[in-house]
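What follows is calculated from the coordinates using simple rules that are stated; it is not laboratory data. On a predicted model such as this, the values are computed, not experimentally measured, just so you know. Heads up, the Cβs are rebuilt from the backbone with ideal geometry, glycines too, and the neighbour counts pull from every protein chain shown.
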Amino acid sequence: MEFALFKTFWGHEGSAEDGARLARAAGFQGIEAPLPDDTVARERLAAALATHGLAWIAEICTAGSYVPERGASPAQHLEDLERGIVAARGLSPRFFNVIGGCDAWPLDVQLDFFARAQALADRLGVTCSFETHRGRSLFNPWVTREVLRALPQLLITCDFSHWVVVCERLMDSEWEVVTEVAERAHHVHGRVGYAQGPQVPHPAAPEYAAELASHERCWEAIWNAQRRRGYGVSTMTPEFGPDGYLHQLPFTAAPVADLWQVNRWIGARQRERFAHWCTTGRG
């Protein structure tokens with residue numbers, strides 16, 4: 001197996017060319033970002049990817065941004081999903097990372113939504129990986145497990161930091177669920193959360209060693225599952241980000257860490273751990 005890192009454009013304030021250059025310089029293999037809204041920006045993204053030989057994971061949020069519009073129906077979510085896929089597939093994304101659905105829907109609605117979403121992806125000939133995200137359908141381990149048990153074709157992007165906040169504990173206590181959903185993990189968002197928040201100030205800080213180790217155990221469970229399933233490449237997007245995730249000093253709002261430095265650190269560490277795991281079976 002190989003290991004491929006993708007740079008998130010969440011929190012990236014420069015151009016697509018700047019981001020692609022940074023990704024390539026850090027040894028990343030691609031970019032994860034939404035399709036830009038205007039034609040010129042789309043052309044610039046395509047040019048940056050081609051110039052630097054990078055792959056692209058297309059991000060789609062249905063019915064809103066990261067937090068869904070509460071009154072949106074499942075049909076509206078599906079319309080957004082189809083519109084996003086059709087608009088982006090001309091740039092040949094590796095796959096679509098979908099932040100979809102709503103946490104408030106009852107289970108029968110969730111199951112119907114994902115069945116229709118998977119059928120849509122199949123009809124359009126694309127791969128969709130549905131993210132475990134707060135506020136969205138896969139917001140906790142147990143709903144996610146029920147959805148996956150009912151829909152054997154569905155693939156997910158595992159961002160365990162969201163579950164840590166929702167459950168107010170690390171996922172070691174839910175190891176049976178972690179290992180079960182790992183069998184359907186297609187992609188990983190490499191962020192480290194803690195019981196009271198989705199993002200530790202810095203994953204290298206010794207006071208968050210337990211949180212880092214817990215997330216790494218979960219990621220290694222995914223590597224094991226992907227190898228059993230015949231994956232040739234395991235993908236990860238280090239996804240420490242802004243928007244209330246990044247800790248700031250009081251009164252000055254100065255950030256406590258540099259996001260790109262943090263994401264480079266987590267990426268380099270997981271690349272090294274993956275190489276060791278490939279050799280020894282343990283990260």
Averaging the inverse of every distinct alpha carbon separation and then flipping it gives the Kirkwood radius. What is it for the range 23-130, in angstrom units? 14.7 Å
So which GluC sites (Glu not before Pro) in the range 1-52 pass both tests, a DSSP loop state and at most 12 other Cβ atoms within 10 Å of the Cβ? Glu13
For the range 189-283, what's the relative contact order in percent, using C-alpha pairs closer than 8 Å and at least 6 residues apart? 29 percent
All-pairs alpha carbon distance profile, the range 150-195, 10 Å steps from 0, percent: 27, 54, 18, 0
Quick query: amide H of Phe3 versus all other amide H atoms, modeled in the peptide plane; which residues come in under 5 Å with a sequence gap of 5 or more or a different chain? Ser234
Within the range 28-73, which trypsin sites (Lys or Arg not before Pro) sit in a loop by DSSP and count at most 11 neighbouring Cβ atoms inside 10 Å? Arg70
At most 12 other Cβ within 10 Å, DSSP loop - chymotrypsin sites (Phe, Trp or Tyr not before Pro), the range 1-53: none
For the range 179-263, with equal point scatterers placed on the C-alpha atoms only and solvent neglected, what are the log10 I(q)/I(0) values from the Debye formula at q = 0.14, 0.18, 0.23 1/Å, to two decimals? -0.55, -0.81, -1.11
For the chain, what is the Kirkwood estimate of the hydrodynamic radius, computed as the reciprocal of the mean inverse distance between distinct Cα atoms, to one decimal in Å? 19.1 Å
Per DSSP helix of 4 or more residues, -39500 (n - 2.57); summed, then divided by the residues of the chain. What does that give at 222 nm, rounded to the nearest 500? -14000 deg cm²/dmol
So for the pair Arg228, Arg169, with labels modelled 7 Å out along Cα→Cβ, what separation do we get in nm? 2.4 nm
Contact order normalised by length for the range 1-93, with contacts defined as Cα pairs under 8 Å and 6 or more residues apart; what percent is it? 25 percent
